[in-house]
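*Asks:* What follows is a structure written as structure tokens; I'll ask about it next.
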Amino acid sequence: MNNLLWLIPALPFAGFLILALAGNRLSRALVAVIGAGSVSLSAIIAIIIGINFLTSPPTTGNYTQTLWTWIEVADFNPKITFFLDALSLVFVFVITFIGALIHIYSAGFMAKDKDYARFFACMNLFVFSMLILVLADNLLLLYLGWEGVGLCSYLLIGFWYKNPDNGYAARKAFIITRIGDTAMAIGLFVLFYQFGTLVIPDILAKAPQVWHQGASIATIAALLLLAGAVGKSAQLPLQTWLPDAMAGPTPVSALIHAATMVTAGVYLIARMHDIFQLSPIAQTTVAVIGAATLLIAGFSALTQYDIKRVLAYSTISQIGYMFLALGLGAWTAAIFHFMTHAFFKALLFLAAGAVIEALHHEHNMFKMGGLKNKLPVIFWTFLIGSASLAALPLITAGFYSKDHILWYAWAAENGTPLLWLIALLGAFITAAYTARMMIVTFWGESKTEIGHYPGKLMTVPLLILAFFSLFAGFIELPHNFGHLTLFSNLLHQVLPETVLKAGTHSEWLFQLIAAIVSVGGIYLAYIFYYKQPFRIEKLKQSKPVMNLHLFWFSGWGFDKLYNTIFVRPIVFIANINKNDVVDKLYQGITFVTIRLYRPLSFTQSGSLRWYVMGMIVGAIIIFAIQIML
Amino acid sequence: MILVWLIGILMTGGVLALLLGQWNKTMARWIALFTLLACFLATLFFWINHYPVTGATDTWLVNYRQDWIPAFGISFHLAMDGLSLLLLVLTFFLGILAVLCSWKEVTDRVGFYYFNLLWIIAGISGVFMAMDLFLFYFFWELMLIPMYFLIGIWGSENRVYAAYKFFIFTQASGLLMLLAILGLYFIHGQNTGVYTFNYFELLGTVLSPGTALWLMLGFMIAFVVKLPIVPFHSWLPDAHSEAPTAGSLILAGLLLKTGAYGIMRFALPLFPQAALELAPWAMLIGVVGIIYGAVLSYSQTDLKRLIAYTSVSHMGFIMLGIFAFNELALHGVVMQMLTHGISTGALFIMAGMLKERLHTRDINQMGGLWTNMPKMGGIGLLFAMASLGLPGLGNFIAEFLILLGSFQVNILLTVIAALGLIFSAIYSLRIVQKVFLGPSVRSDQVRDFSWREILIMGMLSLSIVGLGVYPQPVINAAKPMVDNLQKIFSTTHKNTQKENLTPSYTQKYLIKK
């Protein structure tokens, strides 16, 4: 079975190659078949391999397949090797399965775009890069996928390239993530010199032997890797690119937010968990970054008008939950939330895309309204996605996964009441902004006429994703009811179990609080945006509230800050030195030389009189000197 | 003998092109193409026959020696190891592309043009093979003069200024090298009684540390001006931007590499001790070059100048890598020489193609070209990505190995150099944005690639991707040279340490007593 492994990334890559080289000569139908078909095929292969993996687990706990040696210099010999264990399996499943649904949806969504082939080529490459990232057995190959993901996000965010704003957003995404990537590359150097290899299983095996618990070199390595993760996963302080990444077509957002790109950081930390475990400082940093980000992004989501920006901030916030869980050592909870989030976030983006398209590319939620009965399929699927995001108790997948994280924020060994409170507040805000988005978009009176209705290609993926958004949570139930641990059993092959504090048994209470908080958030939005909208109007009168609103709306002023301290000084220096100050030195030499020879060349006038005069004057001077001496 | 043939063929081809070009322009083009193709195939087959090059006890694959002026110990001595072989393959490969991309661009004095082109390439190949310092200097000058004509005659508006500048910079620095060569010649002669320019015999010359440093600086100045390294880079943007497309291609792809080659072949092995002392400073100016070139590149509006400054930045990596003196970094340097030649060459060719169509190099007058030229856009994107070091393309392997290697030697400088990766993303994406994306600035139709252009860019794309996913043939070929260089430095390093340690041992001994 494991010799089919290479096909999983190879199929999307083949799709990319065909579409990139010959896409313009193929019919649109064929383009869609190749684009969506390649990813779907790779999803099917992934599922077959996955079933095989689950039914007859390999004795080593993983499948590996080496294709060739990439580089061999001295003892540095990274190979093109794919490595599939339980953790990669979950990621591969999510990437290919959700990726395939997004591709199928796109075949309908992008039907009228003239750059159909270019779109699918980039999407295929995106899926390919992400698959390389999660299947790589060494960090260099992982880095290839890592950078490839960055490239594809650049290409797709700037897909509609005529508008310079889109180009700006695309470059912003690439450059900001590259800052993290560079730090990560340095982290790779550190790891290589510590362990003499970049092969992930080897590093993880050697790390506890070479480094003692809390070694400062472990902290350095972990923090450098974290910098990479923070960039790709849009966490503080490198989160500013993601809200602008909305410039791309909506399926791209779905792909970036759900199946690829932003989850790369979560994968990296989970994959390298042994390194992080050796450094309590780095672990805490991960948790703190996650907590801070989930709160900051949550408040920003509360103030957005653009439906896609609400979703973008909600992604940052939800990834913040995953980082929090990783930092707490709740490894499987983080991955579980990654999976459920992938389902409902893909669903929300695709449904939002359908709404936006139906309303003539209107992004502003406050110009939508009253779509409940007009777009029933979209309404119901969007409702399910929202419920899952808001963690509506008992029936949604989002509840089960988020509940785990909240519980561990309190009960895990390095959990604290403060982290728990932040996570709880975050859950409250999440419920509030989700309900706000839902109410404003689908209830109330209709403000924009519907232009066209989504076809089957678009609605079927929505229905499938809605199904998973509800039921994916049931594979992992809390131990006090149901006690089903299918998911964590699988992952515990790779990831360690979470260590709990001694003497915490009242999980019921925490679940109850979490449930109340979610419902409370929804109720708040219901009061402000449905029942008594005058309260919002009243709030808008107050100046401090509006200032705060503006501050949150602009993403807490990070863009402005970075512009002031990084972008402008560098651009300024670059521009004043446009003509290269070093060259002035050489021009100076030329200048002096010219000044010196000009007077001399003036004497060489070609006129005989001058020469005779010169000779006579010279002779006189010489005689005079002789006489005087 | 093959080495003599290569140079002979090139020179004869040049003369033929000059003579026959008088009455038939197309004939000159075909002669140039066939000449280079013959050389390329010859070296390529040689490589394939000798693959994987490693394993031979003797690092020299071919060694040809014939007395030239025996009275002064000058011989016609050519030799080739893996490094020379790689660079020769690159030279002829880019040479072919240079002929192809001048096919339509050059219509004036075609015969003389191809004569110059072939003689430059003959000079460059000579530089890569000469094992007699006098002969080396001869070839070093040989590539200079036809290049001067190439820029001065077929360049654009400001060509005369650029040609002078190029000539003076390289000539002045070359003279210092000549002095250093003569110095070494006489010192070796006085020491041993044998007056010779032979590289192999000069290798072990015993020099006082002071003399060694000065002689080394004489060599280094010529090489770093060619490379170029800040602050000796300022001829490059002018020469690049004014030269015809093929001229820029050869400058960026090959001429700069002669500097790097010179350092590795001559400056380091001849003066290992001095090189070790100089290393931290050399690495420092390498890093300064990386950042300085990148920042300058960002502010340029002339496409060719922009690309020229990216070269300055990329050559900083070479300097950093060479003076890190370790296997990883040196392999990275060899890779960087090849991949930079290909990727920057490709960008210059593309700039030439754009100029042919738009009659401008100003990127503010471009924009939105993707709509009409998706093929060129795609290829442009590929090489912009190569230039910013995207994994999967050759440049990544090069820069990663250099950084990985130098990290072992100097962490701080490596971290600063790694910032270059961020800057390279900024300027590379700026090229793509300004040229291909954004709203269309021009309303007229611009035609996409012709078949000839697809052939050129296709070959370049294939090679950059090939080097990115399977760089092993290059690494294997360069291995004997790198190992050799490493051996020199590890022994020198040990000797230095011993000298440093001796007094402290004595002191300890004395203290104990």
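*Asks:* Applying the selection to segment B:16-25, what residues are modelled with pLDDT of 85 or more and surrounded by 15 or more Cβ atoms within 10 Å (Cβ to Cβ)?
*Replies:* Selection gives B:Leu16, B:Ala17, B:Leu18, B:Leu20.
*Asks:* Of the conditions (1) closer than 28 Å to B:Ala282 by Cα; (2) facing another protein chain (nearest Cβ under 8 Å); (3) free of Cβ contacts under 8 Å to residues at least 40 places away in the same chain, B:Gly378 satisfies every one except a single condition; which number is it?
*Replies:* So the condition that B:Gly378 fails would be (1).
*Asks:* Regarding segment B:442-465, can at least one residue be identified that is in contact with an Asp or Glu (Cβ under 8 Å, 6 or more places away or on another chain), within 27 Å of B:Ser311 (Cα to Cα) and within 13 Å of chain A (Cβ to nearest Cβ)? Write out each step before concluding.
*Replies:* Step one: of segment B:442-465, the residues in contact with an Asp or Glu (Cβ under 8 Å, 6 or more places away or on another chain) are none.
No; the residues of segment B:442-465 include none that is in contact with an Asp or Glu (Cβ under 8 Å, 6 or more places away or on another chain), within 27 Å of B:Ser311 (Cα to Cα) and within 13 Å of chain A (Cβ to nearest Cβ).
*Asks:* When residues of segment A:223-237 are filtered for being surrounded by fewer than 24 Cβ atoms within 10 Å (Cβ to Cβ) and either over 16 Å from A:Thr315 (Cα atoms) or at pLDDT 85 or above (or both), how many remain? Before you say what the answer is, go through the steps one by one.
*Replies:* Taking segment A:223-237 and keeping what is surrounded by fewer than 24 Cβ atoms within 10 Å (Cβ to Cβ), we get A:223-224, A:227, A:236-237.
Going one step further and asking which of them are either over 16 Å from A:Thr315 (Cα atoms) or at pLDDT 85 or above (or both), we end up with A:223-224, A:227, A:237.
Total meeting the criteria: 4.
*Asks:* Now, a different point. Among A:Phe366, A:Phe442, which is surrounded by fewer than 22 Cβ atoms within 10 Å (Cβ to Cβ), modelled with pLDDT of 80 or more and aromatic (Phe, Trp, Tyr)?
*Replies:* Working: A:Phe442 fails: surrounded by fewer than 22 Cβ atoms within 10 Å (Cβ to Cβ).
Result: A:Phe366 is the single residue among A:Phe366, A:Phe442 that is surrounded by fewer than 22 Cβ atoms within 10 Å (Cβ to Cβ), modelled with pLDDT of 80 or more and aromatic (Phe, Trp, Tyr).
*Asks:* Only one of these conditions is not met by B:Leu320: (1) within 20 Å of B:Ile250 (Cβ to Cβ); (2) open to solvent by less than 10 Å² (accessible area, probe 1.4 Å); (3) more than 13 Å from chain A (Cβ to nearest Cβ). Which number is it?
*Replies:* Result: B:Leu320 passes all but (1).
*Asks:* While we're looking at this one, here's another question. Every residue in segment A:156-167 that is assigned to a helix (DSSP H, G or I), facing another protein chain (nearest Cβ under 8 Å) and surrounded by fewer than 23 Cβ atoms within 10 Å (Cβ to Cβ), please.
*Replies:* Step one: filter segment A:156-167 for residues assigned to a helix (DSSP H, G or I), giving A:156-157, A:164-167.
Then keep just the ones that are facing another protein chain (nearest Cβ under 8 Å); that gives A:164, A:167.
Selection gives A:Pro164 alone.
*Asks:* For the list (1) crowded, with 24+ Cβ neighbours inside 10 Å; (2) in a helix (DSSP H, G or I); (3) under 19 Å from the mean Cα position of the chain (by Cα), I need the number of the one condition that B:Met216 fails.
*Replies:* All conditions pass for B:Met216, except number (3).
*Asks:* Within segment B:256-310, track down each residue that is within 13 Å of chain A (Cβ to nearest Cβ), open to solvent by less than 30 Å² (accessible area, probe 1.4 Å) and among the polar types (S, T, N, Q).
*Replies:* B:Ser297, B:Ser299, B:Gln300, listed by residue number.
*Asks:* Among the listed residues B:Phe348, B:Phe325, which satisfies the condition of being within 19 Å of the chain's Cα centre (by Cα) and open to solvent by 10 Å² or more (accessible area, probe 1.4 Å)? Steps first, answer last, please.
*Replies:* Working: B:Phe348 fails: open to solvent by 10 Å² or more (accessible area, probe 1.4 Å).
Just a single option satisfies the conditions, and that option is B:Phe325.
*Asks:* Take the residues in segment B:225-244 that are among the hydrophobic types (A, V, I, L, M, F, W, C) and open to solvent by less than 10 Å² (accessible area, probe 1.4 Å), then tell me which one is farthest from the other protein chains (Cβ to nearest Cβ). Working first, answer last.
*Replies:* Step one: filter segment B:225-244 for residues among the hydrophobic types (A, V, I, L, M, F, W, C), giving B:225, B:227, B:229-230, B:232, B:235-236, B:239, B:243.
After this cut, where a residue has to be open to solvent by less than 10 Å² (accessible area, probe 1.4 Å) as well, the list is B:225, B:227, B:229, B:235-236, B:239, B:243.
On the way: B:Val225: 12, B:Leu227: 15, B:Ile229: 11, B:Trp235: 8, B:Leu236: 10, B:Ala239: 12, B:Ala243: 17 Å.
Per the criteria, the residue is B:Ala243.
*Asks:* Which members of segment B:353-394 meet the condition of being in a helix (DSSP H, G or I), among the β-branched types (Val, Ile, Thr) and open to solvent by 10 Å² or more (accessible area, probe 1.4 Å)?
*Replies:* Here is the first cut: in segment B:353-394, the residues in a helix (DSSP H, G or I) are B:353-358, B:363-365, B:374-387, B:394.
Checking the rest, the ones that are also among the β-branched types (Val, Ile, Thr) come to B:363, B:379.
Result: B:Ile379, single match.
*Asks:* Give me a count of the residues in segment B:404-413 that are more than 7 Å from chain A (Cβ to nearest Cβ) and part of a helix (DSSP H, G or I).
*Replies:* Qualifying residue count, segment B:404-413: 6.
*Asks:* Any residue at all in segment A:549-572 that's among the hydroxyl-bearing types (Ser, Thr, Tyr), open to solvent by 60 Å² or more (accessible area, probe 1.4 Å) and at pLDDT below 80?
*Replies:* No, segment A:549-572 contains no residue that is among the hydroxyl-bearing types (Ser, Thr, Tyr), open to solvent by 60 Å² or more (accessible area, probe 1.4 Å) and at pLDDT below 80.
*Asks:* For residues that are over 12 Å from B:Leu118 (Cβ atoms) and not aliphatic (A, V, I, L, M), scanning just segment B:1-39, find the one that is farthest from the chain's Cα centre (by Cα).
*Replies:* B:Trp23
*Asks:* Might you check whether a residue that is more than 30 Å from A:Ser40 (Cα to Cα) and open to solvent by 60 Å² or more (accessible area, probe 1.4 Å) occurs anywhere in segment A:464-481?
*Replies:* Yes, some residue in segment A:464-481 is more than 30 Å from A:Ser40 (Cα to Cα) and open to solvent by 60 Å² or more (accessible area, probe 1.4 Å).
*Asks:* While we're on this one: Take segment A:460-498 and flag every residue that is of a type outside the set (A, V, I, L, M, F, W, C), in a helix (DSSP H, G or I) and over 26 Å from the mean Cα position of the chain (by Cα).
*Replies:* Here is the first cut: in segment A:460-498, the residues of a type outside the set (A, V, I, L, M, F, W, C) are A:461, A:469, A:473, A:476, A:478-480, A:482-483, A:485, A:488-489, A:492-493, A:496-498.
Next, from what is left, pick out any that are in a helix (DSSP H, G or I): A:461, A:469, A:473, A:488-489.
Within segment A:460-498, A:Asn489 is the sole residue that qualifies.
*Asks:* Can you work out which of the residues in segment B:40-52 that are exposed (fewer than 14 other Cβ atoms within 10 Å of the Cβ) and assigned to a helix (DSSP H, G or I) is farthest from the chain's Cα centre (by Cα)?
*Replies:* B:Asn49
*Asks:* Right, here's the next one. Does at least one position in segment A:60-76 carry a residue that is modelled with pLDDT under 90, within 14 Å of chain B (Cβ to nearest Cβ), open to solvent by 10 Å² or more (accessible area, probe 1.4 Å) and part of a helix (DSSP H, G or I)?
*Replies:* So far as segment A:60-76 goes, no, none of its residues is modelled with pLDDT under 90, within 14 Å of chain B (Cβ to nearest Cβ), open to solvent by 10 Å² or more (accessible area, probe 1.4 Å) and part of a helix (DSSP H, G or I).
*Asks:* Where residues in segment B:434-479 are among the polar types (S, T, N, Q) and open to solvent by less than 20 Å² (accessible area, probe 1.4 Å), which of them is farthest from B:Thr59 (Cα to Cα)?
*Replies:* Taking segment B:434-479 first, the residues among the polar types (S, T, N, Q) are B:440, B:443, B:445, B:450, B:461, B:463, B:472, B:476.
Still in the running and open to solvent by less than 20 Å² (accessible area, probe 1.4 Å): B:461, B:472.
Numbers: B:Ser461: 31, B:Gln472: 18 Å.
Among residues in segment B:434-479 that are among the polar types (S, T, N, Q) and open to solvent by less than 20 Å² (accessible area, probe 1.4 Å), the one farthest from B:Thr59 (Cα to Cα) is B:Ser461.
*Asks:* Ok, one more. Of the conditions (1) open to solvent by 20 Å² or more (accessible area, probe 1.4 Å); (2) in a helix (DSSP H, G or I); (3) closer than 13 Å to A:Ile513 by Cβ, A:Leu418 clears all except one; give me its number.
*Replies:* Only one criterion in (1) open to solvent by 20 Å² or more (accessible area, probe 1.4 Å); (2) in a helix (DSSP H, G or I); (3) closer than 13 Å to A:Ile513 by Cβ is unmet by A:Leu418, namely (3).
*Asks:* Out of segment A:501-523, which residues are surrounded by 17 or more Cβ atoms within 10 Å (Cβ to Cβ) and touching a Phe, Trp or Tyr at 6+ places or on another chain (Cβ under 9 Å)?
*Replies:* If the condition is that a residue be surrounded by 17 or more Cβ atoms within 10 Å (Cβ to Cβ) and touching a Phe, Trp or Tyr at 6+ places or on another chain (Cβ under 9 Å), then A:Phe510, A:Gln511, A:Ala514, A:Ala515, A:Val517, A:Ser518, A:Gly521 are the ones that fit.
*Asks:* Tell me, which residue of segment A:172-181 that is surrounded by 23 or more Cβ atoms within 10 Å (Cβ to Cβ) and within 7 Å of chain B (Cβ to nearest Cβ) is nearest to A:Thr240 (Cα to Cα)?
*Replies:* Looking at residues that are surrounded by 23 or more Cβ atoms within 10 Å (Cβ to Cβ) and within 7 Å of chain B (Cβ to nearest Cβ), I get A:Phe174.
*Asks:* Sort out which residues of segment A:274-293 are open to solvent by less than 10 Å² (accessible area, probe 1.4 Å) and closer than 22 Å to A:Phe91 by Cα, and write them in order of number.
*Replies:* Going through segment A:274-293, the residues open to solvent by less than 10 Å² (accessible area, probe 1.4 Å) turn out to be A:275-276, A:279, A:282, A:286-287, A:290-291, A:293.
Passing the criteria: A:Ile275, A:Phe276, A:Val286, A:Ala287, A:Gly290.
*Asks:* Right, next: Test each condition in (1) in contact with a Ser or Thr (Cβ under 6 Å, 6 or more places away or on another chain); (2) closer than 30 Å to B:Ala346 by Cβ for B:Leu87 and report the one that comes out false.
*Replies:* (1)
*Asks:* Can you tell me which of B:Ile397, B:Ile416, B:Ile426, B:Ile475 is among the β-branched types (Val, Ile, Thr), in a helix (DSSP H, G or I) and more than 10 Å from chain A (Cβ to nearest Cβ)?
*Replies:* Exactly one residue qualifies, and that residue is B:Ile416.
*Asks:* What do you reckon, is A:Leu87 touching a residue at least 12 places away in the same chain (Cβ under 8 Å), within 14 Å of chain B (Cβ to nearest Cβ), crowded, with 20+ Cβ neighbours inside 10 Å and part of a helix (DSSP H, G or I)?
*Replies:* Details: touching a residue at least 12 places away in the same chain (Cβ under 8 Å): yes; within 14 Å of chain B (Cβ to nearest Cβ): no; crowded, with 20+ Cβ neighbours inside 10 Å: yes; part of a helix (DSSP H, G or I): yes.
The answer is no for A:Leu87.
So that you can scan it fast, the table gives a plain yes or no per residue for (1) modelled with pLDDT of 90 or more; (2) touching a Pro at 6+ places or on another chain (Cβ under 9 Å); (3) within 14 Å of chain A (Cβ to nearest Cβ):
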residue: B:Glu327; (1), (2), (3): no, no, yes
residue: B:Met335; (1), (2), (3): yes, yes, yes
residue: B:Met350; (1), (2), (3): yes, no, no
residue: B:Lys355; (1), (2), (3): no, no, no
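*Asks:* Regarding A:Ala20, is this residue surrounded by fewer than 24 Cβ atoms within 10 Å (Cβ to Cβ), at positive phi and within 14 Å of another protein chain (Cβ to nearest Cβ)?
*Replies:* On the way: surrounded by fewer than 24 Cβ atoms within 10 Å (Cβ to Cβ): yes; at positive phi: no; within 14 Å of another protein chain (Cβ to nearest Cβ): yes.
Spelling it out, it is not the case that A:Ala20 is surrounded by fewer than 24 Cβ atoms within 10 Å (Cβ to Cβ), at positive phi and within 14 Å of another protein chain (Cβ to nearest Cβ).
The values are calculated or read from the model by the stated rules, or taken from the named source; none is laboratory data. From a predicted model like this one, the values you see are computed outputs, not experimental measurements. Neighbour counts are summed over all protein chains in view; Cβ atoms, including those assigned to glycine, are modelled from backbone coordinates with ideal geometry. The protein model used for the area step is the full one, side chains on, heavy atoms only, and it has no ligands, DNA or RNA in it. Shrake-Rupley method; radii C 1.70, N 1.55, O 1.52, S 1.80 Å.
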